[in-house]
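What follows is a set of notes on a single structure, which appears directly below.
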Amino acid sequence: MSDLLVISLRKIKGSSFQRMAAQVEQCHRWFIQCVCANGHKWARPDYSCKNRLCPYEMRARSTKAVHKFGAVLKALRDPRYLVLTVENCQLEMLGRAITDLFSAFERLRHSKLWANVRGAIAVLEITFNRETRTWHPHLNVIFDGHYIGKAELDAVWFRVTLKRGRITWISRANRRTIPELLKYITKLADFVDIPEAVEWFLRATRGRRFIRTYGSLYRFSFEEERETRGQGHDVCPDCGSPDVQVLSYNQPFQHVYHDDSGILRVGESVCGQGRTSGRCFT
């Protein structure tokens with residue numbers, strides 16, 4: 001998928017997109033192996049492009065989110081799962097649609113319907129319809145609070161979206177809901193072969209946070225900061241220990257894979273048919 005993204009970026013006019021193409025092409029080629037004070041070993045890329053559409057960066061964002069929020073969300077007293085949608089928009093209108101979506105959510109949060117909610121985490125998901133070439137931005141929310149009736153939710157959501165609201169869904173959150181919620185930030189692969197979609201997506205999402213926290217969960221805010229080569233601060237992805245040492249540099253991608261938890265390891269893994277040392281971390 002990274003190859004398709006590079007091809008699309010090269011077809012977009014503008015020096016910034018040409019730089020992005022070169023950065024994606026170099027992303028996750030070489031790795032540094034690290035170990036923490038508790039003996040956990042993992043790998044991190046020597047260079048990360050930080051492009052939202054890069055498959056390696058998508059996986060890294062998801063792993064980071066699960067590590068940061070997984071235990072916190074599972075500990076909520078009465079978690080509910082909520083989906084809030086609005087009407088589809090044209091390619092060039094995605095930025096405005098995202099702004100309007102979060103503005104509507106703010107109005108929902110300040111309504112009487114939200115009065116008993118203690119905390120919430122909202123994850124922006126953007127899907128692409130290849131047939132109509134339109135975007136479908138929506139919010140996946142887990143909140144800690146009392147039951148909210150579907151009919152009442154529909155009515156309030158329709159009002160706060162200025163009649164642009166569409167389907168809503170609400171249910172109790174279960175053990176499968178939480179990890180799936182944190183994977184939504186990685187489901188962006190359906191349009192990387194369409195240069196126009198890539199261009200408008202990157203323009204619309206530049207500098208935006210896909211994960212936002214509220215109320216009692218606000219202190220767990222998820223910063224989607226850009227890091228450049230050599231500027232990242234290593235923290236053990238297994239236990240969170242900041243006491244980290246480097247074991248080796250320049251591990252090639254053939255020696256690195258994602259384990260079942262999405263953490264990069266040095267070694268070989270099973271991919272498809274049999275054991276291989278290919279680019280299994282994709």
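The values are calculated or read from the model by the stated rules, or taken from the named source; none is laboratory data. The model shown is predicted, which means the values in this text are computed figures rather than measured ones. All Cβ positions, glycine included, derive from the backbone under ideal geometry; neighbour counts span all protein chains shown. The area values use the complete protein model at the heavy-atom level, side chains included, leaving out ligands, DNA and RNA. Shrake-Rupley method; radii C 1.70, N 1.55, O 1.52, S 1.80 Å.
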In the stretch 34-43, is there at least one residue being among the small types (G, A, S), surrounded by 16 or more Cβ atoms within 10 Å (Cβ to Cβ) and out of contact with any Lys or Arg (no Cβ under 8 Å at 6 or more places or on another chain)?
no
With respect to D100, determine if the residue is modelled with pLDDT of 95 or more and open to solvent by 20 Å² or more (accessible area, probe 1.4 Å).
yes
Of (1) hydrophobic (A, V, I, L, M, F, W, C); (2) farther than 30 Å from K150 by Cα; (3) open to solvent by 30 Å² or more (accessible area, probe 1.4 Å), A75 satisfies all except one. Which?
(2)
Count - residues of the stretch 115-174 that are free of Cβ contacts under 8 Å to residues at least 24 places away in the same chain, among the aliphatic types (A, V, I, L, M) and over 30 Å from R219 (Cβ atoms)
2
Kindly list, by first and then second residue, each pair from a residue in the stretch 56-72 that is under 12 Å from L264 (Cα atoms) to a residue that is modelled with pLDDT under 75 and open to solvent by 80 Å² or more (accessible area, probe 1.4 Å), limited to pairs with Cβ atoms under 9 Å and residues at least 6 apart or on different chains.
Y56/T282; R59/T282; T63/S261
Determine whether the stretch 15-27 contains at least one residue that is among the basic types (K, R), touching a strand residue (DSSP E or B) at 6+ places or on another chain (Cβ under 8 Å) and modelled with pLDDT of 90 or more.
no
Subset of the stretch 103-112, residues in a helix (DSSP H, G or I) and open to solvent by less than 30 Å² (accessible area, probe 1.4 Å), comes to A104, F105, L108
Out of the residues in the stretch 231-279 that are at pLDDT below 75 and hydrophobic (A, V, I, L, M, F, W, C), state the one that is farthest from the chain's Cα centre (by Cα).
V270
Taking interchain pairs and intrachain pairs at least six residues apart, which have beta carbon atoms under 6 angstrom, with the first residue in the stretch 9-33 and over 14 Å from Q254 (Cα atoms) and open to solvent by 80 Å² or more (accessible area, probe 1.4 Å) and the second outside any helix (DSSP H, G or I) and at pLDDT below 95?
Q26/Y47
Can you tell me which of (1) open to solvent by 30 Å² or more (accessible area, probe 1.4 Å); (2) touching a strand residue (DSSP E or B) at 6+ places or on another chain (Cβ under 8 Å) is the one R80 doesn't meet?
(1)
